[in-house]
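The values are calculated or read from the model by the stated rules, or taken from the named source; none is laboratory data. Everything numeric in this text was worked out from a predicted model, so none of it was measured. Reconstructed Cβ throughout: ideal geometry from the backbone, glycine too, with neighbour counts over all protein chains shown. Areas reflect the complete protein model, heavy atoms only, side chains present, ligands, DNA and RNA absent. Shrake-Rupley method; radii C 1.70, N 1.55, O 1.52, S 1.80 Å.
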Amino acid sequence: MDPEVLAVMLPYFSAEYGNASSIHSFGQGTRAAVERARIAVAALIGAQPAEITFTSGGTESDNLAIFGIAGGESAVRRHIITTQIEHSAALNPCQALAKRGIDVTFLPVNRAGVVDPAAVKNALRPETVLITIMHANNEIGTLQPLEEIGRIAKEADIWFHADAVQSAGKVPLDVNALGVDLLSISAHKIYGPKGVGALYVRSGTPMEPLLFGGSHERDRRPGTENVPGIAGLGRAAELAREKLSEDSARVSRLRDKFEQGVLAAVSGAKVNGAEAARVPNTSNIMFPDISSESLLIALDMKGLACSSGSACSSGAVKPSHVLTAIGLEPADARSSLRFSLGRHTTEADVDLVLAMIPQEVARLRAISPENKKPVAVK
Ligand code: PLP
């Protein structure tokens with residue numbers, strides 16, 4: 001978390017304890033903080049503050065959008081279009097609705113990890129109610145052509161939701177340019193706290209709530225507001241907006257240096273999704289003849305945290321659904337690791353990791369029982 005975010009949050013755990021939905025002055029002080037945050041989140045994505053609903057994070061925002069549009073009693077149209085590479089926070093709500101009898105089309109992506117807008121258009125049916133497609137993929141970072149899909153959705157008069165959890169703060173976002181009606185973000189992906197996020201809902205979109213209770217968040221999301229978290233998300237959104245171009249230029253340069261260094265030092269290594277436009281911070285690399293779990297553990301022991309799939313499915317042995325969807329053989333998917341760089345990554349960090357990876361790969365290749373024909377490490 002950015003220290004500036006923490007500083008903004010701290011008073012709301014102690015001195016500023018009022019309930020933001022209370023009428024008394026203690027409540028009005030914290031209400032002001034919530035509304036300031038709403039303005040900041042709206043500004044990050046080109047929305048109006050009234051179109052922002054605070055949630056407990058990206059998972060809830062995705063669920064609220066998908067169930068709120070397609071799962072409600074009032075949803076008469078019963079078909080959803082999505083892709084095979086969505087985060088489980090969107091994929092699993094779609095699968096849950098499929099079990100309830102709603103048809104879901106899970107569109108494939110190409111080898112670069114990008115869905116074809118023409119395929120979205122071809123999948124449209126008179127009963128299509130929602131298109132839900134992520135902006136940046138969490139495993140390989142590839143960006144989807146949302147503007148084109150937004151135009152298709154608008155022409156067909158179908159609600160369009162985008163999970164922008166991985167793209168917010170990494171690339172410029174404008175809900176009107178993208179043509180989305182709903183958009184999910186999460187604070188902890190933009191140096192804010194965990195457990196808080198937001199859903200943009202275009203004014204006039206008939207979304208039903210997921211939870212029932214009080215009338216908080218304009219009847220969209222009941223429950224006493226998480227004021228420290230919301231204030232933190234607001235500050236994180238302000239910082240993301242201020243630092244976007246500087247962060248993205250610096251991080252993409254470091255990511256390119258990292259990838260070039262790994263490719264030069266490790267024979268057979270390949271960057272997954274490199275052919276497509278990507279967010280600057282994500283790098284997913286395949287290391288043939290190595291199990292990603294072994295490399296992950298070896299690197300963890302040296303102090304480097306990386307991921308062998310999406311974080312939410314770590315521990316599951318099945319290969320990543322994203323990597324198999326881009327056409328990787330299961331063995332290659334099981335040999336791939338995701339590295340994430342960020343605002344606080346330095347050139348020295350990259351140099352350190354570039355020294356570490358070839359060594360660990362060579363060591364693991366040498367001892368791998370599956371590795372009958374060891375591949376040389378340059
Ligand atoms: N969507 C995407 C693309 C993500 O990467 C994540 C988290 O990794 C989520 C949704 C879930 O967000 P949260 O962890 O805030 O629930």
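Across segment 101-110, coupling constants 3J(HN,Hα) worked out from phi with the 6.51/-1.76/1.60 Karplus curve, θ = phi - 60°, read x, 8, 6, 10, 9, 9, 6, x, 10, 7 Hz, and Gly and Pro carry x. Sites listed here are GluC sites (Glu not before Pro) in segment 54-92 whose DSSP assignment is loop and whose Cβ has at most 12 other Cβ atoms within 10 Å: E73. Protein heavy-atom accessible surface, 1.4 Å probe, per residue over the chain: 43 Å². Ranking V350, A20, A50 by Cα position along the charge dipole of the chain, where only Lys, Arg, Asp and Glu carry charges on their C-beta atoms, puts V350 farthest toward the positive end. Simple point charges give the picture: +1 on the Cβ of Lys and Arg, -1 on the Cβ of Asp and Glu, and for segment 244-370 a dipole about the Cα centre of about 100 debye.
Taking every C-alpha pair closer than 8 Å and separated by at least 6 residues, the mean separation divided by the residue count of the chain gives a relative contact order of 19 percent.
Net charge dipole, segment 3-240: roughly 140 debye, given to the nearest 20, about the Cα centre with Cβ charges of +1 for Lys and Arg and -1 for Asp and Glu.
Rounded to the nearest Hz, the phi-derived 3J(HN,Hα) couplings of segment 224-233 under the Karplus curve 6.51 cos²θ - 1.76 cosθ + 1.60 (θ = phi - 60°) are 4, 5, 7, 4, x, x, 5, 4, x, 4, where x marks glycine and proline.
Beta bridges from DSSP with both residues in the chain: antiparallel share about 60 percent, rounded to the nearest 5.
Positive end of the dipole of segment 3-240 (Cβ unit charges, origin at the Cα centre): among V34, L10, L91, the Cα lying farthest that way belongs to L91. Shown for the chain: lysine pairs separated by 8 or more places, or found on different chains, whose C-alpha atoms are under 19 Å apart, numbering 10.
As a fraction of the 1.4 Å probe accessible area of the chain, surface on carbon and sulfur atoms comes out at 55 percent. Each label was represented as a point 7 Å from its Cα along the Cα-to-Cβ direction; for S203 and R77 these points are 2.3 nm apart.
Got a sec? Which residues in segment 19-39 would a label at S215 touch, if it sits 7 Å along Cα→Cβ and we count backbone N under 15 Å? Residues 21-23 qualify, since their backbone N sits under 15 Å from the label point.
If you fit an axis through the alpha-carbon atoms of helix 146-156 and take the longest principal axis of the Cα set of the chain, what angle between them do you get, 0 to 90°, nearest 10? Tilt relative to the chain: about 50 degrees.
Alpha carbon centre of segment 98-151 versus segment 204-267: separation in Å? Centre-to-centre (Cα) distance: 21 Å.
Tell me, in nm to one decimal, what length is gained between F13 and E155 on full extension, where the rule is 0.36 nm per residue of separation less the Cα-Cα distance?
Values: separation 142, 0.36 × 142 = 51.12 nm, distance 4.68 nm.
Full-extension gain reported as 46.4 nm.
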